[in-house]
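Novice: Structure in structure tokens, see below.
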2 protein chains.
Amino acid sequence: MASRPTSNAYPEPVERLIDEFTKLPGIGRRSAERMAFHVLKCSEQDAMGLSRAVADVKQKVRCCSICFNLTDIDPCGICSNESRDASKVLVVEQARDLISLEQTGVYKGVYHVLTGRIDPLGGVEPGDLTIAALLQRIEKPDRNCCRVKVHEVILGLNPDMEGDTTGLYLADELTKRGVNVTRLARGLPAGSHLEYASKAVLADAIEGRQAMR
Amino acid sequence: MASRPTSNAYPEPVERLIDEFTKLPGIGRRSAERMAFHVLKCSEQDAMGLSRAVADVKQKVRCCSICFNLTDIDPCGICSNESRDASKVLVVEQARDLISLEQTGVYKGVYHVLTGRIDPLGGVEPGDLTIAALLQRIEKPDRNCCRVKVHEVILGLNPDMEGDTTGLYLADELTKRGVNVTRLARGLPAGSHLEYASKAVLADAIEGRQAMR
């Protein structure tokens, strides 16, 4: 963190706002000062809009009790949507991944947000995630969206070491319970150049080669 | 601005907070999302602290009626401090410049914040700044800090074209009123290397050469 200026440099409320802004990710002292000065200059209405938005997000947004997606209603709009195929559950690490997948418009099933991934070195054990709730959705269909039995679980974890660890653990637990487990395809990213692809990407692309239809 | 995701991607309060964050300077959609997720994850107390700090800064912070520095009391702590030499007024463009100068601890006089600089192309005329109030501080000592007569005005404007334009205009108005006008020294920045200094810096350094004591 940048060095603090001498005390009483700014009026106390300005100093306090700068401190609050520096707590945000990626915001250093300089950016926080610029942001605080923006708030000072903007209209009272705009400032109150920001203030209320921060408070509202904390007071109104909760986790969906079925899939742990962020929501202001429970169950969330996806879980309560009967036109979605609740027999397919796509497992993601965090709500932001769900949003990215949802934006493709390709997937019509439902989701399950783990709220993290297994990371023994970082102190994250399976019990710290929402795995027990996922297994209950499999075992007891009345705990699943629209009380539908789950036939397939698609693992949508990040393709890195912790993601793979989590995926292997889940695949093990899920297959024991007689459900089909798949994972998102790995291979060449669309729009990329073969010559610049890494060895790991090329190895995935060769091993996972797909039949031409 | 980055493209917006499809509607209802996030719950409405989250979407609204992201929108509010993107209004801040230097914050794009991605950063705003990270910041919003930080607010979602942090404690309720921390979130309310940020919310209140934004509201407070708008409701409690005003401009000092003498020097136009930001303050939560009027006149500000510098103007009302009798141990400061109110016969010297250092003119700066904005409150942030005042803070930077104040942090050196070298200057014991008072300040005047112009709240901008003359910029005819940008539509900023002398009448848009606090120049009239500055001239009144010169003409009527009871309008100055601690009712002291002003002997010297030090121009602490940015060393660029608009700063120089503003400085020339002020020097003209101030000398007419019989007050000494000086400006902050220009020359080599401390800790720099001569070989990398620009022509303008070197020219300033030669013209403004100082006697060795």
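The values are calculated or read from the model by the stated rules, or taken from the named source; none is laboratory data. Please read these numbers as outputs of a predicted model, since none were measured by experiment. Because the Cβ atoms are built from the backbone with ideal geometry, glycine has one as well, and the counts that use them run over all protein chains shown.
Novice: Looking only at region A:52-63, decide whether some residue is more than 7 Å from chain B (Cβ to nearest Cβ), crowded, with 16+ Cβ neighbours inside 10 Å and in contact (Cβ under 8 Å) with a residue 40 or more places away in the chain.
Specialist: yes
Novice: If you scan region B:96-116, which residues turn out to be within 10 Å of the chain's Cα centre (by Cα), of a type in the set (Val, Ile, Thr) and under 19 Å from B:ARG143 (Cα atoms)?
Specialist: Scanning region B:96-116 gives B:VAL113, B:THR115.
Novice: Take the residues in region B:139-161 that are assigned to a helix (DSSP H, G or I) and under 21 Å from the mean Cα position of the chain (by Cα); name whichever of them is farthest from B:TYR107 (Cα to Cα).
Specialist: Among those residues, the one meeting the criterion is B:MET161.
Novice: Please work out if B:GLU93 is under 27 Å from B:ARG143 (Cα atoms), charged (D, E, K, R) and either more than 7 Å from chain A (Cβ to nearest Cβ) or surrounded by fewer than 16 Cβ atoms within 10 Å (Cβ to Cβ) (or both).
Specialist: Numbers: under 27 Å from B:ARG143 (Cα atoms): yes; charged (D, E, K, R): yes; either more than 7 Å from chain A (Cβ to nearest Cβ) or surrounded by fewer than 16 Cβ atoms within 10 Å (Cβ to Cβ) (or both): yes.
Judged against the criteria, B:GLU93 is a match.
Novice: Further question: Taking the condition of being more than 7 Å from chain A (Cβ to nearest Cβ) and of a type in the set (Ser, Thr, Tyr), how many residues in region B:42-51 meet it?
Specialist: 1
Novice: Of all residues in region A:91-109, count the ones that are farther than 29 Å from A:GLN59 by Cβ and not hydroxyl-bearing (Ser, Thr, Tyr). First the steps, then the outcome.
Specialist: The initial filter retains those residues of region A:91-109 that are farther than 29 Å from A:GLN59 by Cβ, namely A:104-109.
Keeping just the survivors that are not hydroxyl-bearing (Ser, Thr, Tyr) gives A:105-106, A:108-109.
Count: 4.
Novice: In region A:148-190, which residue that is charged (D, E, K, R) and free of Cβ contacts under 8 Å to residues at least 12 places away in the same chain is farthest from A:SER65 (Cα to Cα)? Step through it out loud before you land on a result.
Specialist: To start, the set of residues in region A:148-190 that are charged (D, E, K, R) comprises A:149, A:152, A:160, A:162, A:164, A:172-173, A:176-177, A:183, A:186.
Filter again for free of Cβ contacts under 8 Å to residues at least 12 places away in the same chain, leaving A:160, A:164, A:172, A:176.
Values: A:ASP160: 28, A:ASP164: 26, A:ASP172: 24, A:LYS176: 24 Å.
Checking each candidate, the answer is A:ASP160.
Novice: For B:GLU15, state whether it is more than 7 Å from every other protein chain (Cβ to nearest Cβ) and under 18 Å from A:ALA95 (Cα atoms). Give the derivation first.
Specialist: On the way: more than 7 Å from every other protein chain (Cβ to nearest Cβ): yes; under 18 Å from A:ALA95 (Cα atoms): yes.
In short, yes.
Novice: On the given criteria, is B:ARG177 within 24 Å of the chain's Cα centre (by Cα), modelled with pLDDT of 85 or more and of a type in the set (Lys, Arg)?
Specialist: No; evaluated as a whole, the condition is false for this residue.
Novice: Working carefully through the options B:ASP164, B:ASP204, B:ASP172, find the one that is surrounded by fewer than 13 Cβ atoms within 10 Å (Cβ to Cβ) and outside any loop (DSSP other than H, G, I, E, B).
Specialist: Matching residue, one of B:ASP164, B:ASP204, B:ASP172: B:ASP172.
Novice: Pull up region A:18-27, narrow it to residues that are of a type in the set (D, E, K, R) and under 26 Å from the mean Cα position of the chain (by Cα), then point me to the one that is nearest to the other protein chains (Cβ to nearest Cβ). Walk me through how you get there before you give the answer.
Specialist: Initial filter on region A:18-27 (of a type in the set (D, E, K, R)): A:19-20, A:23.
Those still in the list that are under 26 Å from the mean Cα position of the chain (by Cα) too: A:20, A:23.
Numbers: A:GLU20: 4, A:LYS23: 7 Å.
My answer is A:GLU20.
Novice: Something else about it: What are the residues in region B:103-135 that are surrounded by fewer than 19 Cβ atoms within 10 Å (Cβ to Cβ) and part of a helix (DSSP H, G or I), if any?
Specialist: B:GLN103, B:THR104, B:PRO120, B:LEU121, B:GLY122, B:PRO126, B:GLY127, B:ASP128, B:ALA132, B:ALA133, B:LEU135
Novice: Check whether at least one residue in region B:65-80 is within 11 Å of chain A (Cβ to nearest Cβ), surrounded by 22 or more Cβ atoms within 10 Å (Cβ to Cβ), within 20 Å of the chain's Cα centre (by Cα) and over 17 Å from A:ALA9 (Cα atoms), and report yes or no.
Specialist: Scanning region B:65-80, I find no residue that is within 11 Å of chain A (Cβ to nearest Cβ), surrounded by 22 or more Cβ atoms within 10 Å (Cβ to Cβ), within 20 Å of the chain's Cα centre (by Cα) and over 17 Å from A:ALA9 (Cα atoms), so the answer is no.
Novice: Then there's this: Based on this model, can you work out whether B:ARG30 counts as touching a strand residue (DSSP E or B) at 6+ places or on another chain (Cβ under 7 Å), more than 7 Å from every other protein chain (Cβ to nearest Cβ) and modelled with pLDDT under 95?
Specialist: Against the criterion (touching a strand residue (DSSP E or B) at 6+ places or on another chain (Cβ under 7 Å), more than 7 Å from every other protein chain (Cβ to nearest Cβ) and modelled with pLDDT under 95), B:ARG30 does not qualify.
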